[in-house]
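Engineer: This is the structure, below, for whatever I ask next.
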Amino acid sequence: MGCFESQRHKQWAFTVETKSKEMTDNSMKAVVTIGNGGYEKLVYQDVLIPEIETGEVLVEVLAAGVNNTEINTRLGWYSSSVSGSTIETVESNVKSPPSINDGGWNKETPFPLIQGTDCCGLIQSVANDVDTKLINRRVIIRPCIRKFGFDNLDNIWMGSDFNGAFAQYLKIKASEVFPITCDWTDSELGTIPCSYGTSENMLHRANVRSGETVLVMGASGGVGSATVQLAKRRGAKVIGVASENKHEQMSKFGVDILYGRSANLIDELGEESVDVVIDNVAGESFPSMLKLLVRGGRLVSSGAISGPIVELDMRDMYLKDITLIGTTAWDETVFPNIVKYIERGEIQPILAKAFPLSSIAEAQAEFLLKKHVGNFVLIP
């Protein structure tokens with residue numbers, strides 16, 4: 001069932017406001033997010049094409065992925081004042097629009113902002129100090145930037161801290177574009193940066209090794225489905241949790257065992273049965289994750305889609321020498337590795353659906369229904 005047919009979503013405004021002006025040679029179409037709130041905060045309009053500065057390149061956006069990150073930033077979900085899941089925050093915004101000034105990783109989001117964390121694009125021009133051989137190269141962009149170098153965990157994100165890919169063009173430091181040679185479509189490459197970079201970073205930080213058992217919560221989502229492939233690539237045994245109606249499609253990506261979302265994993269697997277838990281779900285299921293881990297196991301997370309406030313029995317952690325790993329800043333090897341995996345044919349894209357950029361509200365609403373496997377993209 002499409003999002004326009006969902007009774008739950010009929011109360012929400014799907015139409016992105018459109019603003020027009022006389023087009024000029026230096027104008028482009030973009031979706032500008034003007035503040036925290038619902039779909040009414042997404043304005044599809046003409047804006048100026050960005051002018052590149054020293055060390056930068058201008059990229060024509062060919063495809064831009066849809067992620068929880070953009071939705072959560074618009075909703076103000078990252079604020080410490082928010083305790084519910086993304087869906088609960090959406091419904092709360094419908095009833096009472098937010099007044100939040102710390103919605104972007106507990107700092108103010110720089111509205112108005114062109115969001116868009118994922119980008120497959122074509123380099124159109126480069127600054128005077130950048131190699132001209134990059135021009136006309138197809139690239140994917142690393143959205144997580146370690147602005148003080150890889151010895152410092154401070155980071156900024158394209159589409160959350162500065163303008164991103166929900167536009168026909170964007171500008172970015174040349175150091176963050178990665179030329180890629182493969183037979184994937186633009187839309188397929190547009191699914192990669194955020195989901196696969198986030199997943200590889202978690203597996204890298206948790207030091208997942210061949211022969212280990214990895215439990216992936218939310219295995220059918222963008223990050224989850226990427227994690228299934230990337231963990232299998234490392235030689236791990238992968239157990240996934242996803243809605244039963246997605247199991248047939250999920251089995252194509254190498255997952256060894258699949259359970260439904262309502263399964264009692266402790267009954268099914270037994271305590272101390274898993275080496276690593278990859279959990280971007282959190283919420284009520286979190287306490288059982290620590291019981292599933294072996295002594296010395298690792299739980300790694302980069303999200304909390306079902307709710308950021310969890311119950312933690314410290315005894316489950318310290319008596320079993322559990323390591324809890326939070327990941328936001330990507331390590332230096334992560335994104336170059338993703339490019340190598342693609343070019344070697346070691347992973348495959350999971351493109352669920354493509355939408356025109358002007359249909360961003362429809363795309364995000366259908367994304368939140370969580371009936372798909374993989375990723376959505378927007379085409380400018």
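Engineer: Which of (1) assigned to a helix (DSSP H, G or I); (2) in contact with a Phe, Trp or Tyr (Cβ under 6 Å, 6 or more places away or on another chain); (3) outside the structural domain of GLY65 (by TED's automatic domain parsing) is the odd one out, the single condition GLU332 does not satisfy?
Structural biologist: (1)
Engineer: Let me ask another. Looking only at residues in region 81-115 that are of a type in the set (S, T, N, Q) and not in a loop (DSSP other than H, G, I, E, B), which one is modelled with the lowest pLDDT? Outline the logic, then answer.
Structural biologist: Applying the first criterion (of a type in the set (S, T, N, Q)) to region 81-115 yields 81, 83, 85-86, 89, 92-93, 96, 99, 101, 106, 109, 115.
From what's left, not in a loop (DSSP other than H, G, I, E, B): 86, 89, 92-93.
Details: THR86: 75, THR89: 74, SER92: 65, ASN93: 62.
That would be ASN93.
Engineer: When the residues of region 283-303 are filtered to those that are free of Cβ contacts under 8 Å to residues at least 40 places away in the same chain and not in a strand (DSSP E or B), which remaining residue is surrounded by the fewest Cβ atoms within 10 Å (Cβ to Cβ)?
Structural biologist: Restricting attention to region 283-303, the residues satisfying the condition of being free of Cβ contacts under 8 Å to residues at least 40 places away in the same chain are 284, 286-288, 290-291, 293-297, 299.
Subsequent filtering for residues that are not in a strand (DSSP E or B) retains 284, 286-288, 290-291.
Details: GLU284: 11, PHE286: 21, PRO287: 13, SER288: 16, LEU290: 20, LYS291: 17.
Among those that are free of Cβ contacts under 8 Å to residues at least 40 places away in the same chain and not in a strand (DSSP E or B), it is GLU284.
Engineer: Can I ask one more? Checking the conditions here, which among GLU332, GLU311 is of a type in the set (D, E, K, R) and farther than 28 Å from ASN155 by Cα? Write out each step before concluding.
Structural biologist: On the way: GLU332 fails: farther than 28 Å from ASN155 by Cα.
Just a single option satisfies the conditions, and that option is GLU311.
Engineer: Identify the single condition in (1) among the β-branched types (Val, Ile, Thr); (2) more than 21 Å from ALA30 (Cα to Cα); (3) buried (at least 21 other Cβ atoms within 10 Å of the Cβ); (4) more than 16 Å from the chain's Cα centre (by Cα) that VAL177 does not satisfy, given that it satisfies every other one.
Structural biologist: Failing condition for VAL177: (2).
Engineer: Given the conditions (1) on the phi > 0 side of the Ramachandran plot; (2) assigned to a helix (DSSP H, G or I), report the number of the one that GLU40 does not fulfil.
Structural biologist: Checking GLU40 against (1) on the phi > 0 side of the Ramachandran plot; (2) assigned to a helix (DSSP H, G or I), the one that fails is (1).
Engineer: Considering each residue of region 304-321, count those that are surrounded by 13 or more Cβ atoms within 10 Å (Cβ to Cβ) and among the aliphatic types (A, V, I, L, M), and give that number.
Structural biologist: Summing the residues that are surrounded by 13 or more Cβ atoms within 10 Å (Cβ to Cβ) and among the aliphatic types (A, V, I, L, M) in region 304-321 gives 4.
Engineer: Could you check, for region 349-365, whether at least one of its residues is assigned to a loop (DSSP other than H, G, I, E, B) and touching a residue at least 40 places away in the same chain (Cβ under 8 Å)? Show your work before the answer.
Structural biologist: Restricting attention to region 349-365, the residues satisfying the condition of being assigned to a loop (DSSP other than H, G, I, E, B) are 349-350.
Next cut, touching a residue at least 40 places away in the same chain (Cβ under 8 Å) only: 349-350.
Yes: region 349-365 contains one or more residues that are assigned to a loop (DSSP other than H, G, I, E, B) and touching a residue at least 40 places away in the same chain (Cβ under 8 Å).
Engineer: Does any residue of region 329-341 turn out to be on the phi < 0 side of the Ramachandran plot, of a type in the set (Gly, Ala, Ser) and either in contact with a Pro (Cβ under 6 Å, 6 or more places away or on another chain) or at pLDDT 95 or above (or both)? Write out each step before concluding.
Structural biologist: At the first step, the residues of region 329-341 found to be on the phi < 0 side of the Ramachandran plot are 329-341.
Narrowing the set further to residues that are of a type in the set (Gly, Ala, Ser) leaves 329.
From the residues that got through so far, the ones that are either in contact with a Pro (Cβ under 6 Å, 6 or more places away or on another chain) or at pLDDT 95 or above (or both) too are 329.
Looking through region 329-341, at least one residue is on the phi < 0 side of the Ramachandran plot, of a type in the set (Gly, Ala, Ser) and either in contact with a Pro (Cβ under 6 Å, 6 or more places away or on another chain) or at pLDDT 95 or above (or both).
One line per residue, one yes/no per condition, for (1) of a type in the set (D, E, K, R); (2) within 26 Å of ASN207 (Cα to Cα); (3) at pLDDT 95 or above:
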{"position": "VAL294", "(1), (2), (3)": "no, yes, yes"}
{"position": "ARG315", "(1), (2), (3)": "yes, yes, yes"}
{"position": "GLY345", "(1), (2), (3)": "no, yes, yes"}
{"position": "LEU351", "(1), (2), (3)": "no, no, yes"}
{"position": "ALA361", "(1), (2), (3)": "no, no, yes"}
{"position": "GLU366", "(1), (2), (3)": "yes, no, yes"}
{"position": "LYS370", "(1), (2), (3)": "yes, no, no"}
{"position": "ASN375", "(1), (2), (3)": "no, yes, yes"}
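Engineer: Here is a follow-up. Is at least one residue of region 22-30 at pLDDT below 95, under 19 Å from PHE376 (Cα atoms) and assigned by TED's automatic domain parsing to the domain that holds ASN128? Even if it seems obvious, please write down each step before you answer.
Structural biologist: Filtering region 22-30 for residues at pLDDT below 95 gives 22-26.
Within this subset, residues satisfying the condition of being under 19 Å from PHE376 (Cα atoms) are none.
No - not one qualifying residue is present in region 22-30.
Engineer: In this structure, does GLU56 turn out to be in the same structural domain as ARG142 (by TED's automatic domain parsing), closer than 30 Å to ILE135 by Cα, surrounded by 21 or more Cβ atoms within 10 Å (Cβ to Cβ) and touching a Lys or Arg at 6+ places or on another chain (Cβ under 6 Å)?
Structural biologist: Against the criterion (in the same structural domain as ARG142 (by TED's automatic domain parsing), closer than 30 Å to ILE135 by Cα, surrounded by 21 or more Cβ atoms within 10 Å (Cβ to Cβ) and touching a Lys or Arg at 6+ places or on another chain (Cβ under 6 Å)), GLU56 qualifies.
Engineer: With region 209-261 as the region, which strands (runs of 3 or more DSSP E) entirely inside it contain at least 1 residues that are within 20 Å of the chain's Cα centre (by Cα) and aliphatic (A, V, I, L, M)?
Structural biologist: Details: elements: 213-216, 237-241, 257-259.
By residue number, 213-216, 237-241.
The values are calculated or read from the model by the stated rules, or taken from the named source; none is laboratory data. Remember, predicted model here, so these are calculated numbers, not experimental data. No Cβ is skipped: glycine too gets one built from the backbone with ideal geometry, and neighbour counts run over all protein chains shown.
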